[in-house]
Amino acid sequence: MQPHGAPIRTERYHTIDIGAGQAGLAVGYELQRREDDFVILEASSRIGESWRRRWDSLCLFTSAAHSGLPDLPFPSVPSRFPTKDEVADYLEQYAARFDLPLRLDTPVKSLTRVAGRYAVQTAAVTYEASNVIVATGMQQSPVIPAIANRLSSRIHQLHSVEYVNPHLLPAGPALVVGAGYSGVQIAIELARFRPVWLAGRSRGHIPRRVLGRDIHDWTWPLLSRLTVDTHAGRALRHRVRRGEPIVGISARHIAAVGASRVGRVSTVLDGYPVCDDAPIPADVVVWATGYRPDFSWIRLPVLGLDRSPRHECGVVRESLGLYFVGLCFQTSYMSALIGGVGRDAAHIAERIAGRASVGVNGVRRRASW
């Protein structure tokens, strides 16, 4: 820990990679392959910590066969769906396998640009570089609708990021708000122990298996080609932003476990949420209502009105040397998936390698200061 009043030291690199989730690690691997002088900054004290904090029964919706980072397949039976702890362990193993240069326990306070260089401020060190890759993803701040403030104080409310398992919740009927992957999985689990309503617009359903094979065995090659520079890719991006269909969990499955589907929460009556013009007598409300990005620490004019980064396939044109990796549909549907982020990571690393200075003998030089 930095002693009180001690001067903040400066470390200089060619590239700074912010975030050591799947995107940051994939970029780190690609930078290492290209012999870049870089460091990865991670806020948590351990790789994979954000996965370990998720609810106990969480599993990926892609099989192990489609959940590996570059040059290291996921260590499991290809048809299995890895648990969240297995994912966390895999990310930790990945960083160790390729000996990636990590700085754990290093949350970033700000990103600015000073005298033609990027300055990444942390509590103890200012990191300076010609290039910065932001690999923190888009899911930073949980979203809870304002209507939650109108519910009775008798109702126990929590966001899905706080959910662990059914046994840590108060007894009584539960309303899960949000019919995406998180909401559907949590509602199904809770329905084993209590009455449950699942509120929200249905996103549709895609079968898990087609002609005896996992659906992703068929769709993976196609999805990788539907990029944002194609008409079909842009149409898919629009569909995904409205809510992508749930793979492997049908309305029939939800009904079979005893969870009742209702519409959106429209208002509040006597302290209870109202769906389909009827109050829901819930003692517990789980808000599976997603996240919003938080890039407020980026002190550069690179964010749009929605506070999301303006970029072209991860490249920020307004700020030379600034890149993003791991954004939803950054170049394709695969961009935010563990098994798909590698392509974007390679693209950004190659862009950085192309900007590196080259010596008279054709050897790429390290950054000079």
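For TYR13, state whether it is surrounded by 17 or more Cβ atoms within 10 Å (Cβ to Cβ) and outside any helix (DSSP H, G or I). Yes, satisfied. When residues in the range 50-80 are screened for being buried (at least 19 other Cβ atoms within 10 Å of the Cβ), part of a helix (DSSP H, G or I) and in contact with a helix residue (DSSP H, G or I) (Cβ under 6 Å, 6 or more places away or on another chain), 2 of them pass. Residue count for the range 163-183 satisfying the condition of being closer than 20 Å to ALA278 by Cα and surrounded by fewer than 20 Cβ atoms within 10 Å (Cβ to Cβ): 2. Among residues of the range 1-17 being β-branched (Val, Ile, Thr) and out of contact with any helix residue (DSSP H, G or I) (no Cβ under 7 Å at 6 or more places or on another chain), the one that is modelled with the highest pLDDT is ILE16. When both residues are 6+ apart or on different chains and their Cβ atoms are under 6 Å apart, which pairs have a first residue that lies in the range 104-122 and is closer than 14 Å to THR10 by Cα, and a second that is part of a strand (DSSP E or B) and charged (D, E, K, R)? The qualifying pairs are ARG117/GLU128; ALA119/GLU128.
Residues of the range 126-144 include at least one that is surrounded by fewer than 21 Cβ atoms within 10 Å (Cβ to Cβ), of a type in the set (Gly, Ala, Ser), more than 27 Å from HIS14 (Cα to Cα) and under 23 Å from the mean Cα position of the chain (by Cα).
When the range 305-327 is filtered for residues that are within 17 Å of GLN139 (Cα to Cα) and modelled with pLDDT under 90, the ones remaining, listed by number, are ASP306, ARG307, SER308.
I'm trying to understand the selection: among the residues of the range 278-307, which are surrounded by 15 or more Cβ atoms within 10 Å (Cβ to Cβ), more than 14 Å from VAL265 (Cα to Cα) and within 16 Å of the chain's Cα centre (by Cα)? Within the range 278-307, GLY290, TYR291, PRO293, PHE295 meet the criteria. Pairs linking a residue in the range 217-233 that is assigned by TED's automatic domain parsing to the domain that holds GLY314 and under 15 Å from HIS66 (Cβ atoms) to a residue that is of a type outside the set (Val, Ile, Thr) and not in a helix (DSSP H, G or I), with Cβ atoms under 7 Å and 6 or more positions apart or on different chains, do not occur.
The number of residues in the range 184-208 that are of a type outside the set (A, V, I, L, M, F, W, C), closer than 27 Å to LEU269 by Cβ, buried (at least 20 other Cβ atoms within 10 Å of the Cβ) and modelled with pLDDT of 95 or more comes to 0.
Using the structure shown, decide if ARG317 is touching a residue at least 24 places away in the same chain (Cβ under 8 Å), charged (D, E, K, R), assigned by TED's automatic domain parsing to the domain that holds THR112 and farther than 30 Å from LEU169 by Cβ. In short, no.
Scanning the range 115-165 for residues that are closer than 26 Å to VAL315 by Cα, hydrophobic (A, V, I, L, M, F, W, C) and not in a strand (DSSP E or B) returns ALA115, ALA135, MET138.
The values are calculated or read from the model by the stated rules, or taken from the named source; none is laboratory data. The structure presented is a predicted model; accordingly, all values stated were derived computationally and were not measured. Using ideal geometry, Cβ is built from the backbone for each residue, glycine included, and neighbour counts are taken over all protein chains shown.
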